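> Here it is: the structure, laid out below.
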Amino acid sequence: MNNNAENWFNNLPANQNKPLTQLRKLILACGKDIEEDIKWSRPCYSKNHLFCYLQKSKAHVTIGFHRGTQLDDPDSLLEGQGKDMRHIKIGFDDKINSTAIKKLIENAIALDQNQIGFTPRRMR
């Protein structure tokens, strides 16, 4: 466990902590070699490269995918307009579609592992 990430989660208000902790567990359950680190003031997850992140806001939480435009999204959960990234906004009272989000996470990891030499653009 990363102490910086632990501190980030421990300092969340209850309404943000519940959905973000659930999303964190989904991500980390997808492999024991997933790295968790705080970058750009949010938890980011990588294997070879960054593949997803979590973000908090006043009205919702977000799970984002660095190469989201390349992910198969049969449940149409992903949104966004950027060239590469896509995200899912989840309200504090919304039920998290764990099955669909876990598939997106697994697909993001598979995409990361199959793209040797790919370097995602840095978030600004």
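> Which net charge results for the neighbourhood of Gln55, defined as the other residues with beta-carbon distances under 10 angstrom from its beta-carbon, given Lys and Arg at +1 and Asp and Glu at -1?
+3
> Count the net charge of all other residues whose Cβ sits under 14 Å from the Cβ of Gly91, scoring Lys and Arg as +1 and Asp and Glu as -1.
Result for the local shell: +2.
> Continuing with this model, one more query. How high is the FRET efficiency from Lys25 to Ala59, r the C-beta distance, R0 22 Å, rounded to 0.05?
Plugging the Cβ-Cβ distance into 1/(1 + (r/R0)^6) gives 0.45.
> How much length, in nm to one decimal, is gained on full extension between Thr99 and Asn4, taken as 0.36 nm per residue of separation minus their Cα-Cα distance?
Contour length minus Cα-Cα distance gives 31.4 nm.
> Moving on to the next point. Along the positive direction of the dipole of the range 5-124 (beta-carbon charges: Lys, Arg +1; Asp, Glu -1; about the Cα centre), which of Leu50, Ile88, Leu12 reaches farthest?
Leu12
> Now, a different point. With the calculation restricted to Cα positions, what are the radius of gyration and Dmax of the chain in angstrom?
Just the Cα atoms of the chain yield Rg and Dmax of 13.5, 40 Å.
> Now for a different question. Starting from the 7 Å offset along Cα-to-Cβ, what nm value, one decimal, do you get for the label separation of Gln70 and Lys89?
About 2.7 nm, to one decimal.
Readers should treat all values here as calculations from the given coordinates under stated rules, not as data from a laboratory. The structure displayed is predicted, hence computed values, not measured ones. Quick reminder, even Gly has a Cβ in these numbers, built from the backbone with ideal geometry, and neighbours come from all protein chains shown.
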